[in-house]
Amino acid sequence: MAVRRQFDWPGTLRPAPPARGGFIWCVIIAVLGLSAPPFDVRAAAGEEGLLEPVADKVQLELESIAADVQGVMGIAVEDLAGQHRFAVNEGLQFAQASAIKIPILMEVLKQAHEGKLKLEEMHWIEKQYQVAGSGVLGELGHRTTQMSLEDLCVLMIVLSDNTATNMLIDRVGMDEVNRTMESLGCRHTKLRRRMMDVAAAQRGDENVSTPADAARIMRTLHEGQFVSREVSDHVLAILRKDKPGDVKAALPAGTSVAFKPGAIPGVAAEWAIVELERRPYIVVAMGGFGVKEEFKDAFREVSKTAYEFFQRVATGTSYGGYIDPEEWNKR
């Protein structure tokens, strides 16, 4: 079922206030001691809110994109300013492929902050870790190369290196990754196997998450609430490093995106923060039972739809006129 809800400031869910009966609503707020958000599109644009019908069309478009694939898709798109949220099948649990490497990265940097490990630690590349699939470390000789934990993190994210990932999983512990995700309220995000463990996948021990969980994780990073602002920024800096992805491919060149995609036959996932000036937002797309390259095209359509909406919000006045971004910046 598709859902669209508004966020209260600074990000808690709330029901939208009634369109009429403004005096009664104000009395209720005063009695309960609640505070109104610093900016409300509905109030600024008049009682009906001109942006609401536009947002309704975005929700319908995302539903249509998900309905058009032969597999199943889940989508979560969130306004990091706190006003709009769009979702389709956000509670379904999907296999994550390499997108699960974001929680692994977070755990490594968390443990470094806690003093349980040092990012400068050097580790030999050994046969016990080497696996096929994405990356380059699987092609190296046994104990011919050493790498730091920091460099393994970069390889895991930028090249999606499976050998680097397995080394990091063994260093921090699978259970620790899951405990950290649970502490964030993301109980449906589970690291259950190392990379390229086909036997485990066949048993159903898959690495999984939901669009709702992934969006929560990305918002936590954006707000600097994962361990500390410094640790959150370190995670985001690695996620911003250049690499291919379908969400990013649909955006104008030069758009800053902190993200990680993943794909295996039939499955695709991508978690992203699009750092649009004046209106950053989250895009999470996941799919299962896909046919050929259908998720690639669908993810790009999701990204394009989200960008076009938030670009209008970023440059629009309350009544729908557009102002050049440079003019906004002068204010």
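Bear in mind that the values in this text are calculations on the coordinates, not laboratory data. All of these numbers come straight from a predicted model, not from anything done at the bench. We place every Cβ from the backbone using ideal geometry, glycine too, and count neighbours over all the protein chains shown.
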So which of K127/K260; K241/K292; K110/K190; K248/K296; K57/K296; K57/K260 end up more than 19 Å apart, counting from Cα to Cα? K127/K260; K241/K292; K57/K296; K57/K260
How do 66-79, 133-146, 179-192, 95-108 rank on mean C-beta neighbours within 10 Å, highest first? 95-108, 66-79, 179-192, 133-146
To the nearest 20 debye, what is the magnitude of the charge dipole of region 97-205 about its Cα centre, counting +1 on the Cβ of each Lys and Arg and -1 on the Cβ of each Asp and Glu? 360
If you add up the charges near N166, with Lys and Arg at +1 and Asp and Glu at -1, over every other residue whose beta carbon is less than 13 angstrom from its beta carbon, what do you get? +1
Can you compute 3J(HN,Hα) from phi for each residue in region 67-79, using the Karplus curve 6.51 cos²θ - 1.76 cosθ + 1.60 with θ = phi - 60°, rounded to whole Hz and x for Gly and Pro? 6, 7, 7, 7, x, 10, 10, x, 9, 9, 10, 10, 7
Karplus-derived HN-Hα couplings along region 58-64 (A = 6.51, B = -1.76, C = 1.60, θ = phi - 60°), whole Hz, x at Gly and Pro: 4, 4, 5, 5, 5, 4, 5
Could you tell me the relative contact order of region 97-205? Use alpha-carbon pairs under 8 Å, at least six residues apart, and round to a whole percent. 26
If you take the charge dipole of region 192-331 about its Cα centre, with +1 on Lys and Arg Cβ and -1 on Asp and Glu Cβ, which of L276, M218, M195 is farthest toward its positive end? M195
Report, ordered by chain and residue number, the aspartates and glutamates lying within cross-link reach of K118, taken as a straight Cα distance under 17 Å and ignoring same-chain residues fewer than 8 apart. E107, E150, D151, D170, E176, E230
Heads up, region 111-179 by the C-alpha gyration tensor (a ≥ b ≥ c square roots of eigenvalues; a/c under 1.5 rounded, else a/b over b/c prolate, else oblate) looks prolate
